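To keep things clear, I will list the structure first and then write my remarks on it.
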Amino acid sequence: MTQSALQRKVAAHAALWGILALVAGCAGSQDVPTADSPDPLEGVNRAMHGLNKGLDTVAIKPGSDAYVAVVPSRARSGISNVATNLLQPVYAANHLLQGDIEDAGTTVMRFGFNTLFGLGGLLDPASEAGMYDNPSDFGETLAVWGVGSGPYVELPVFGPSTVRDSLGLAVDIYADPVPRVLGNDSWPYVVGIRVADLLQERNEMARVIEALYYESADSYSATRIAYLQNRAKTINDGALALEDLEDPYDF
């Protein structure tokens, strides 16, 4: 599939999720649903959860184990640094859209610093200089704008989400400027770097993932609760941080 075809496909999906998110925004609050919230998509979600659990069993976990066993730790660290660096433009854009000028500026400086002085992001001198990684996404941006989360959704491969976060994911993928700047030929390398980083993350989160997937009486419910609690904390912490920001136009 060509880049333009992929972009059209993602845009079509984004439009669909956009309609659903607007409906959710009219019907609900901007809060993330809790473990006790209704789960109207449970049937479909459980099917997707079974697929994701099977993929983890037969492909992701073995791939992660092999990656960690074969690739030296220093090389894995460098690849993860590059993957994180490539996401900084998306983070910066979302901070800006949320009205968080300070974090947007710091993220831009972090990206430039690591790109110029960190060998394209292989190293992370920005963190040593106090410019720490501060992830953000369009799902958070929609929450700041007051769009309701909608019900819980488990996406194939991407895993736990909500209607709002699914739209955010589609927009972040489509709007990511890095592949456009690097050109069409960069796609395999960018995807490869991000897949390698996900394998590294799977290894680092092995204890948590295996407890949820393989040691829980109901792995779907355990995964749903863990995601919703963690997501609520992320969004609420971000909202509190925004409330503490000084208005630059308040004289």
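The values are calculated or read from the model by the stated rules, or taken from the named source; none is laboratory data. Model, not experiment: these values are computed from the prediction. Ideal geometry is used to build each Cβ from the backbone, glycine not excepted, and the neighbour counts take in all protein chains shown.
For the range 182-237, a residue qualifies if it is closer than 23 Å to residue 164 by Cβ, in contact with a Phe, Trp or Tyr (Cβ under 9 Å, 6 or more places away or on another chain) and not small (Gly, Ala, Ser), and the qualifying residues are 223, 224, 227, 228. As a summary of the residue check, residue 107 satisfies the conditions (1) closer than 26 Å to residue 167 by Cβ; (2) touching an Asp or Glu at 6+ places or on another chain (Cβ under 7 Å); (3) not hydrophobic (A, V, I, L, M, F, W, C) except for the one numbered (2).
Here's a check for you: in the range 181-195, which residue that is surrounded by 12 or more Cβ atoms within 10 Å (Cβ to Cβ) and in contact (Cβ under 8 Å) with a residue 40 or more places away in the chain is farthest from residue 78 (Cα to Cα)? Taking the candidates together, the pick is 187. Of the helices (runs of 4 or more DSSP H) contained entirely in the range 76-189, those carrying at least 3 residues that are more than 27 Å from residue 56 (Cα to Cα) fall at 101-117, 125-128, 138-144, 178-182.
Do you know which of the residues in the range 196-230 that are among the charged types (D, E, K, R), in a helix (DSSP H, G or I) and over 17 Å from the mean Cα position of the chain (by Cα) is surrounded by the fewest Cβ atoms within 10 Å (Cβ to Cβ)?
Checking each candidate, the answer is 207.
Among residues belonging to the range 211-248 that are at pLDDT 95 or above and of a type in the set (Asp, Glu), point out the one that is nearest to residue 39 (Cα to Cα). Filtering the range 211-248 for residues that are at pLDDT 95 or above and of a type in the set (Asp, Glu), the one nearest to residue 39 (Cα to Cα) comes out as 218. Cβ separations smaller than 6 Å between residues 6+ apart or across chains give the following pairs from the range 73-84 residues that are in contact (Cβ under 8 Å) with a residue 12 or more places away in the chain and farther than 13 Å from residue 191 by Cα to residues that are surrounded by fewer than 20 Cβ atoms within 10 Å (Cβ to Cβ) and not polar (S, T, N, Q): 78/122; 81/122.
Residues that are modelled with pLDDT under 95 and on the phi > 0 side of the Ramachandran plot do not occur anywhere in the range 185-202. Looking across the range 215-238, the residues that are within 16 Å of residue 158 (Cβ to Cβ) and touching a helix residue (DSSP H, G or I) at 6+ places or on another chain (Cβ under 9 Å) come down to 220, 223, 224, 226, 231. Within the range 145-154, is even one residue hydroxyl-bearing (Ser, Thr, Tyr), at pLDDT 95 or above and surrounded by 23 or more Cβ atoms within 10 Å (Cβ to Cβ)? Yes; the residues of the range 145-154 include at least one that is hydroxyl-bearing (Ser, Thr, Tyr), at pLDDT 95 or above and surrounded by 23 or more Cβ atoms within 10 Å (Cβ to Cβ). Out of (1) free of Cβ contacts under 8 Å to residues at least 40 places away in the same chain; (2) surrounded by 14 or more Cβ atoms within 10 Å (Cβ to Cβ); (3) more than 18 Å from the chain's Cα centre (by Cα), what's the single condition that is false for residue 107? Unmet for residue 107, out of (1) free of Cβ contacts under 8 Å to residues at least 40 places away in the same chain; (2) surrounded by 14 or more Cβ atoms within 10 Å (Cβ to Cβ); (3) more than 18 Å from the chain's Cα centre (by Cα): (3). Selection within the range 117-144: residues that are over 18 Å from the mean Cα position of the chain (by Cα) and closer than 19 Å to residue 90 by Cβ. The member of this set that is surrounded by the most Cβ atoms within 10 Å (Cβ to Cβ) is 126. Only a single criterion out of (1) modelled with pLDDT under 95; (2) over 20 Å from residue 179 (Cα atoms) is not satisfied by residue 71, namely (1).
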